[in-house]
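**Q** One structure coming up, written as structure tokens, with questions to follow.
What follows draws every value from the coordinates through simple rules; no lab data is involved. Bear in mind the structure is a predicted one, so any value in this text is a computation, not a measurement. Please note: Cβ atoms are built from the backbone with ideal geometry, for glycine as well, and neighbour counts cover all protein chains shown.
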Amino acid sequence: KKAEIIVDRHFLIGDVDKRIFGSFIEHLGRAVYEGIYQPGSPFADTDGMRTDVLELVRELQVPVVRYPGGNFVSGYHWEDGVGPKDLRPARPDPAWQVIETNAFGLNEFVTWAQKADTEVMMAVNLGTRGPEDAKNLLEYCNFESGTYYSDLRKKHGYEKPHHIKLWCLGNEMDGPWQIGHKTAVEYGRTAEETGRMMKMLDPSIETVACGSSNLEMPTFGSWEETVLDLCYDQVDYLSLHQYYGNANGDTADFLASSVGMDQFISSVISICDCVKAKKRTNKQINLSFDEWNVWYHSNDADAKLPKWSKAPHQLEDIYNFEDALLVGSMLITLLRHADRVKIACLAQLVNVIAPIMTSDTGAWRQTIFYPFFYTSRYGRGTVMNTIVKAPVYESRTYGDASYLDSVLIWNQENDELTLFAVNKSLEEDLEISCDLRQFTEYRIVDHKILTHENLKAVNTEDHPLEVTPVSGQNAALDSGKLTALFPKHSWQMIRMC
Ligand code: AHR
């Protein structure tokens, strides 16, 4: 099969906001305890943070990490997790039916984020709480001093404010499973009042309103429209969440899920712009795709877990090679919407549906680590508006899906062009050609391929290198023409400068 990518240096989609490579740590399973934090472990530093995990997180260059939930946040009292550790109460967490010890809280997370070279994206509880508590939390985090909560922070040993800029107004409030689940009108009003009070206290913050928990929600569309109608002036972003799985064993369909993600993003943009038009405003709402990943491998095991334990092995998906292909495609999809998707969080970061896993003997990289690693490192710059002529296949769920998913990033600062691509064909290699006449001085400097003969191959603690990228041989850039042969079911990165 053959495909052509058409490029013009004047046709650009937009600059990549680095926060598109964000991630997520929830108080869930072993994400916090035994994940990023494990005092007493041989890998722990003096603050109890796992240094082996910090190293891998820094490798991924994650610019922002959402915290502390997820479903957890909708029943959380942040005050339980600050101050002297021996006074912190253990509480049942109804969302995940476990015991939360509160040995780790927001100050520890801020410390961890500094060590991980990342920023905090903080979520407030709009399930069991409301504007007043969100304002108190913001005062604790961002107010300089001389008020009850800012002085409390100082008393807890944090002299300087945390200056947290990004705030999620609740989590998945459209979902009947959510603690304090709301109708769109109830949530829209609460988000408006919460955002208003928070911005009165600190006008420099940015807020994210909850959109739909996934595209299949029966309220999708009307939820977004009603919520935005009510809180438009107090929010900067609208969230999207989506997880995909291959429970039916239909890999072609699974790999076509990025088509679904693309449609989801386009639909939410349309709704944001519809509300904008109705309001006759110049303010544009951008998108925060703050939960996305593959999630289904651990469902059966999770259903059998005993309740009310501490930091159980929950949501510990072991990712295979085909999952890495889809994660690569989802990253390409996010990049292709760089003009409107400004924040995205791979959910999650460690142990819980995560690229990084830990045990008592170390931390290792799951298959999905690799497309994220390369895209985060080299997917920064300006996204080019390419036209792709590629053969398509008929997928069961999404209809027509292109065999080739691709995006071209032009990093003008480094004078570098990077092509990310996935060949979704399970049977055939794909011959690629791309006219780069306007970039004649460029040469290929790096070509990485992620492929494996077994779509179900996994990395484990004992075999952590089963699925790893290799250097590609089948690409050439001669007289401004890029040609390459992308093997069947493969992820690719070609860097040129
Ligand atoms: O990331 C796991 C869970 O998925 C989050 O807690 C929730 O927001 C979503 O349903």
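**Q** Report, to the nearest 10°, how far helix 106-115 tilts away from the longest principal axis of the Cα atoms in the chain, using its own Cα long axis and a range of 0 to 90°.
**A** 40
**Q** A follow-up question, please. Binning every alpha carbon pair distance of segment 249-369 at 10 Å from zero, what are the percents per bin?
**A** Percent of Cα pairs in each bin: 12, 34, 29, 17, 7, 1.
**Q** What is the distance in Å between the Cα centroid of segment 66-86 and that of segment 190-250?
**A** If we compute the Cα centre of each part, the gap is 21 Å.
**Q** Rounded to the nearest 0.05, what FRET efficiency do Thr440 and Thr128 have when you use their Cβ-Cβ distance and R0 = 60 Å? If you can, show how the numbers build up before the last one.
**A** On the way: r = 61 Å, r/R0 = 1.02.
Once rounded, the FRET efficiency stands at 0.45.
**Q** Can you tell me the length gained on complete extension of the stretch Asn414 to Leu465, counting 0.36 nm per residue apart and subtracting the Cα distance?
**A** Values: separation 51, 0.36 × 51 = 18.36 nm, distance 3.09 nm.
Using 0.36 nm per residue and subtracting the Cα-Cα distance, I get 15.3 nm.
**Q** Could you work out the mean projected area of the convex hull around the alpha carbons of segment 1-125, in square nanometres to one decimal?
**A** Values: hull surface 47.2 nm².
Reported value for the Cα convex hull: 11.8 nm².
**Q** Quote to one decimal, in nm, the extra length available between Lys276 and Glu59 on full extension: 0.36 nm per residue of separation minus the C-alpha distance between them.
**A** Details: separation 217, 0.36 × 217 = 78.12 nm, distance 3.90 nm.
Extra length available between Lys276 and Glu59 comes to 74.2 nm.
**Q** Once each part is reduced to its C-alpha centroid, what is the distance from segment 277-316 to segment 410-443 in angstrom?
**A** After rounding, the separation between the Cα centres reads 32 Å.
**Q** Restrict the search to segment 401-432; then list the GluC sites (Glu not before Pro) that DSSP places in a loop and that have at most 11 other Cβ atoms within 10 Å of their Cβ.
**A** Details: sites: Glu413, Glu416, Glu427, Glu428, Glu431; in loops: Glu413, Glu427, Glu428.
Passing sites in segment 401-432 are Glu413, Glu427.
**Q** Rounded to the nearest 20 Debye, what is the dipole magnitude of segment 17-380 about its Cα centre when Lys and Arg each give +1 and Asp and Glu each give -1 at the C-beta?
**A** Values: 35 positive and 49 negative charges, 154 e Å.
In debye, rounded to 20, segment 17-380 gives about 740.
**Q** Once the cut-off is 29 Å, how many percent of the Cα-Cα pairs in the chain end up in the long-distance tail?
**A** Details: 61220 of 123256 pairs.
Roughly 50 percent, rounded to a whole number.
**Q** Restricting to Cα pairs below 8 Å that are 6+ residues apart, what does the relative contact order work out to for the chain? Please round to a whole percent.
**A** Details: 1139 pairs, mean separation 95.5, N = 497.
This gives 19 percent for the chain.
**Q** If the cut-off is a Cα-Cα distance under 30 Å, which lysines reach Lys115, setting aside same-chain residues fewer than 8 apart in sequence?
**A** Excluding near neighbours in sequence, the set is Lys18, Lys85, Lys135, Lys154, Lys155, Lys160, Lys165, Lys199, Lys310, Lys342, Lys448.
**Q** Grab the beta carbon distance between Arg396 and Tyr296, set R0 = 25 Å, and tell me the FRET efficiency rounded to 0.05.
**A** Numbers: r = 16 Å, r/R0 = 0.65.
It comes to 0.95.
**Q** Another question, if that's okay. Report the extension gain between Asn248 and Lys307 in nm, rounded to one decimal, defined as 0.36 nm multiplied by the number of residues separating them, less their alpha carbon distance. If you can, show how the numbers build up before the last one.
**A** Values: separation 59, 0.36 × 59 = 21.24 nm, distance 2.84 nm.
Once the chain is fully extended between Asn248 and Lys307, it gains 18.4 nm.
**Q** Taking +1 at the Cβ of each Lys and Arg and -1 at the Cβ of each Asp and Glu, which of Gly40, Gly211, Phe24 sits farthest along the dipole of the chain towards its positive end, judged by Cα position relative to the Cα centre?
**A** Of the options given, the answer is Gly211.
**Q** Same structure, new question: Rounded to the nearest 10 degrees, what's the angle between the helix 51-60 long axis and the longest principal axis of the chain, both from Cα atoms, 0 to 90?
**A** Tilt relative to the chain: about 50 degrees.
**Q** Let me ask something else. Please state the equivalent ellipsoid semi-axes for segment 44-186: what are the square roots of 5 times the Cα gyration tensor eigenvalues, largest first, in whole Å? Could you put the intermediate results ahead of the total?
**A** Numbers: eigenvalues 115, 74, 52 Å².
Here the semi-axes work out to 24, 19, 16 Å.
**Q** In addition: Which of the GluC sites (Glu not before Pro) across segment 185-261 are loop residues per DSSP, with 16 or fewer other Cβ within 10 Å? Provide the component values of the computation, followed by the final result.
**A** Numbers: sites: Glu186, Glu192, Glu193, Glu206, Glu216, Glu224, Glu225; in loops: Glu216.
Hits after loop and neighbour filter: Glu216.
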